[in-house]
Amino acid sequence: MAVIGGDGIGPEVVAEALKVVRASGVELDTTFFDLGGARYLRDGEVLSDDTLESLRGYDAILLGAVGTPGVPPGVIERGLLLKLRFSLDLYINQRPFVGTAPGHAQPHDFVVIRENTEGSYAGEGGVLRKGTVHEVATQGSVNTRFGVERCLRFAFELASRRERRHITLVHKTNVLTFAGDLWQRTFDAVATEYPKVGTAYNHVDAACIYLVQDPHRYDVIVTDNLFGDILTDLGGAVSGGIGLASSANLNPARTGPSLFEPVHGSAPDIAGKGVANPIAAILSAALMLDHLGASASADAIRVACAAPTSGSTIAVGDEICRRLQG
């Protein structure tokens, strides 16, 4: 597997994730890649074509976090993260949420499937007469039937394997009448092939309310790129905090490696202090093990992470290892 520690707290939390994976009994052959904001500031490289081709040869990629003060907005996001998504066809972003929301006695368990390579991230748009009083900025959202349908099929397949077997489409069909209509019609068509999976639809603003008021209503949520970006951060907030939020960027066809990362960012203000929470990185590594066929070890890691843990970054990793080894 390829490892990109990245910036800030990224290398710290990745080190604990690798330690925990090995404690679960899985042997890893790792290659480390120096990529991220610090690399860009040092020599101007974000992700060369040669490095990208090298990454294609791995079974999986574990990413810590990227982002460094002083790097212009969009350079790392588009030059590294989105380049990896587009080039490796990581069209599914999967984020599970298990926790107990404030004000609720019972834990919830839902997953968000976000389309990961189209929508607003496709980069359609531009600026005209920049810096003048007549400036015009446009930013389009690209939605193809092919891209929407393959995302929906992945989500329905996942829902069909879960106990509740329910899926909710989240969009804004009353305003985004072109993109929303494509998503709704495709959702309805795919649903006919899964008669045992219950379905529902929520506008994205309503879904934000429901996630806070009653997250238990959800089993699988499927949505477009931008709405998924927003909803998953809210899902992290109601599930114990962004420091627990794991994610998988998947190429389900396995024509290249999938990428796994915590979503808390590089947090440069606490980097090097030994106080970063490594649980999100550890749970992201568990998702990686699921993808690689080591689900027993992945389940054991999730169980080990479920009980409260405190202490330094290293101490938390050590405690999870201790629980795994009995």
### Summary
Filtering the range 101-134 for residues that are surrounded by 10 or more Cβ atoms within 10 Å (Cβ to Cβ), farther than 30 Å from Ala306 by Cβ and among the small types (Gly, Ala, Ser) leaves a count of 6
### Summary
Of Arg78, Arg95, the only residue that is crowded, with 19+ Cβ neighbours inside 10 Å, charged (D, E, K, R), farther than 14 Å from Ala2 by Cβ and under 20 Å from the mean Cα position of the chain (by Cα) is Arg95
### Hey, Ala2 surrounded by 13 or more Cβ atoms within 10 Å (Cβ to Cβ) and free of Cβ contacts under 8 Å to residues at least 40 places away in the same chain or not
no
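Return yes or no: is Ala137 under 20 Å from Ala248 (Cβ atoms), at pLDDT 95 or above and of a type in the set (Gly, Ala, Ser)? Quick ask: steps written out before the conclusion?
Numbers: under 20 Å from Ala248 (Cβ atoms): no; at pLDDT 95 or above: yes; of a type in the set (Gly, Ala, Ser): yes.
So Ala137 fails the test.
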## Note on the structure
When the range 245-272 is checked residue by residue, the ones that are in contact with a strand residue (DSSP E or B) (Cβ under 8 Å, 6 or more places away or on another chain) and of a type in the set (A, V, I, L, M) are Ala245, Ala248, Leu250, Leu259, Val263, Ala267
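Return yes or no: is Asp318 more than 30 Å from Tyr201 (Cα to Cα) and of a type in the set (D, E, K, R)?
Values: more than 30 Å from Tyr201 (Cα to Cα): yes; of a type in the set (D, E, K, R): yes.
Yes.
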### Query
Restricting attention to the range 2-20, which residues are over 16 Å from Asp34 (Cβ atoms) and over 18 Å from the mean Cα position of the chain (by Cα)?
Glu16, Leu18, Lys19, Val20
### Where Leu244 falls short, out of the listed (1) out of contact with any Pro (no Cβ under 8 Å at 6 or more places or on another chain); (2) of a type in the set (A, V, I, L, M); (3) surrounded by 22 or more Cβ atoms within 10 Å (Cβ to Cβ); (4) not assigned by TED's automatic domain parsing to the domain that holds Arg165
(3)
### Query
What strands (runs of 3 or more DSSP E), lying completely within the range 197-262, carry at least 3 residues that are more than 12 Å from His171 (Cα to Cα) and either out of contact with any Gly (no Cβ under 7 Å at 6 or more places or on another chain) or acidic (Asp, Glu) (or both)?
246-250, 258-262
### Positions within the range 301-315 being more than 20 Å from Phe97 (Cβ to Cβ) and either at pLDDT 95 or above or surrounded by 14 or more Cβ atoms within 10 Å (Cβ to Cβ) (or both), in sequence order
Ser312, Thr313, Ile314, Ala315
### Task
Please find, within the range 63-75, the residue that is surrounded by the fewest Cβ atoms within 10 Å (Cβ to Cβ) out of those that are in contact with a helix residue (DSSP H, G or I) (Cβ under 6 Å, 6 or more places away or on another chain) and of a type in the set (A, V, I, L, M, F, W, C).
Val71
### Message
Quick check on the range 264-276. Is at least one of its residues assigned by TED's automatic domain parsing to the domain that holds Val71, without any contact (Cβ under 8 Å) to a residue 24 or more places away in the chain and under 23 Å from Pro308 (Cβ atoms)?
### Response
yes
### Message
What are the pairs with Cβ atoms under 6 angstrom where one residue, in the range 122-137, is within 27 Å of Ser87 (Cα to Cα) and the other, located anywhere, is not in a strand (DSSP E or B)? Sequence gap at least six, or different chains.
### Response
Glu124/Gly140; Gly125/Gly140
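The values are calculated or read from the model by the stated rules, or taken from the named source; none is laboratory data. Model, not experiment: these values are computed from the prediction. Reconstructed Cβ throughout: ideal geometry from the backbone, glycine too, with neighbour counts over all protein chains shown.
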